[in-house]
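The values are calculated or read from the model by the stated rules, or taken from the named source; none is laboratory data. Remember, predicted model here, so these are calculated numbers, not experimental data. Here Cβ is always computed from backbone atoms with ideal geometry, including for glycine, and neighbour counts include all displayed protein chains. The area values use the complete protein model at the heavy-atom level, side chains included, leaving out ligands, DNA and RNA. Shrake-Rupley method; radii C 1.70, N 1.55, O 1.52, S 1.80 Å.
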Amino acid sequence: MRLIHIVACAVVSILLLGLVGWPGETMTPVGDSSYPWRPAGRGTPSIDVVGRAPFAAEVYGDVAVRSRWGLRTEGLVGERITDGSTAWRYENAWADDSLGPVRVNDRRVAGIWRDGRVSLIDVPDGRIVWQADLPPGPYHEANRAYDEEWGAAWEISVARDGSVPLVVVLHDGRLDVLDGRTGTIRWSYPSASSASCHTGDPVLGSVRSAGETVLVFQDCAGAESNVALSAADGRRLWGFDGGELWHARALGADRLASVDDGGALVVRRVQDGKVLWRVPSAGLKDNPYGDAMGASDELVTVRSETEVAAYRIADGEVAWRRTLGDAWNGTVLTDGVDTYVAEDARTLVKLDARTGRIIDRHRFEDDITPRWMRDGLAGIGVGTGDDVVIG
């Protein structure tokens, strides 16, 4: 009976922690959820301003999630982009240097701190889904002392295994990949069975996620010193050298897009790294960043100095091409239906993603920077202030 009583108490405690959060955590919902959000102007042909979101916030419908700092606590806050009111506040009294909100999927955001704590929050409901603690890596003590060489060596991204999101965290010289549904560690790198540049020395330099692939850049010399790993289980897929894949972009259909040193658009197969097609005349010499490419189910769209061009993912053939002034910013935002690019320093153009036809133009009061697009909304940085949200 005593054992049964202990087990029952443990189960109840775990359930309560799942509902209210772990010690030191406080979640305070304010008001009702407005998810999904359908503002006036969304889905219309014209470019309509529907609200504002803080810089570097993650937007979910009408809620923008940003970091929040206090005298004794750190955390996250969800704010309505329509009027700035608070949707919920998440405070972590045990926090140690917040690394900012990380978008896991269309409902959930991860809060990550330098002490290794990770909390997943359901944004519409203002609810803690799970909490995890990352094990210390080989440079943990150096990081705690903010060593000049290793103190900033934290990188967070999101990969996927089919429809399952995976939170990828490089910390303290160690890579951990967490299952986005449960917070459990799927796999880590380097593992005891993985080879390193020098026996016994962890050599992680940087990590990038690209769909179902995790790209590991190591501090090694020699051919194929960097590796592409399967996001599902950490299995080595292939090796590569150099930094061409630093900003690789997942295209779907088992493909990755990147821009090489000469400005060519390169698409390769995920499973073995084989180059499937290459467009040397893509005009991307002044736009070397893969994260500036717009990708949809069938097209990858790029902005060169004087035009916008969409290439078919299947074979690299041009789907459409449109001359569009001198590029101020090379970022392309697209969801496969609409495409947004900057025509000049202050003018945003909306194109039909499938044909390149111009739908609308919008002139802003200051220089613009296209930043993100999801769920039919886009965020445009204007000057040095908040992002303008358009629909």
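All conditions but one from (1) open to solvent by 50 Å² or more (accessible area, probe 1.4 Å); (2) at pLDDT below 85; (3) assigned to a loop (DSSP other than H, G, I, E, B); (4) more than 15 Å from Gly376 (Cα to Cα) apply to Pro36; the one that does not is (4). Just the residues that are surrounded by 13 or more Cβ atoms within 10 Å (Cβ to Cβ) and at pLDDT 90 or above, please, taken from segment 39-53. Within segment 39-53, Ile47, Asp48, Val49, Val50, Gly51, Arg52, Ala53 meet the criteria. Here the strands (runs of 3 or more DSSP E) wholly within segment 64-166 that include at least 2 residues being at pLDDT below 85 and more than 18 Å from Trp187 (Cα to Cα) are 98-103. Tally up the residues in segment 337-391 that are part of a loop (DSSP other than H, G, I, E, B), more than 23 Å from Arg80 (Cβ to Cβ), touching an Asp or Glu at 6+ places or on another chain (Cβ under 7 Å) and open to solvent by less than 20 Å² (accessible area, probe 1.4 Å), please. Of the residues in that region, 1 qualify.
Could you tell me whether segment 193-201 includes any residue that is hydrophobic (A, V, I, L, M, F, W, C), over 29 Å from Ala292 (Cα atoms), at pLDDT below 55 and surrounded by fewer than 20 Cβ atoms within 10 Å (Cβ to Cβ)? Yes, segment 193-201 contains a residue that is hydrophobic (A, V, I, L, M, F, W, C), over 29 Å from Ala292 (Cα atoms), at pLDDT below 55 and surrounded by fewer than 20 Cβ atoms within 10 Å (Cβ to Cβ).
Applying the set (1) of a type in the set (A, V, I, L, M); (2) within 20 Å of Val102 (Cα to Cα); (3) modelled with pLDDT under 80 to Val177 leaves exactly one unmet item: (3). For segment 300-329, a tally of residues being in contact (Cβ under 8 Å) with a residue 40 or more places away in the chain and either open to solvent by less than 20 Å² (accessible area, probe 1.4 Å) or of a type in the set (Ser, Thr, Tyr) (or both) returns 7.
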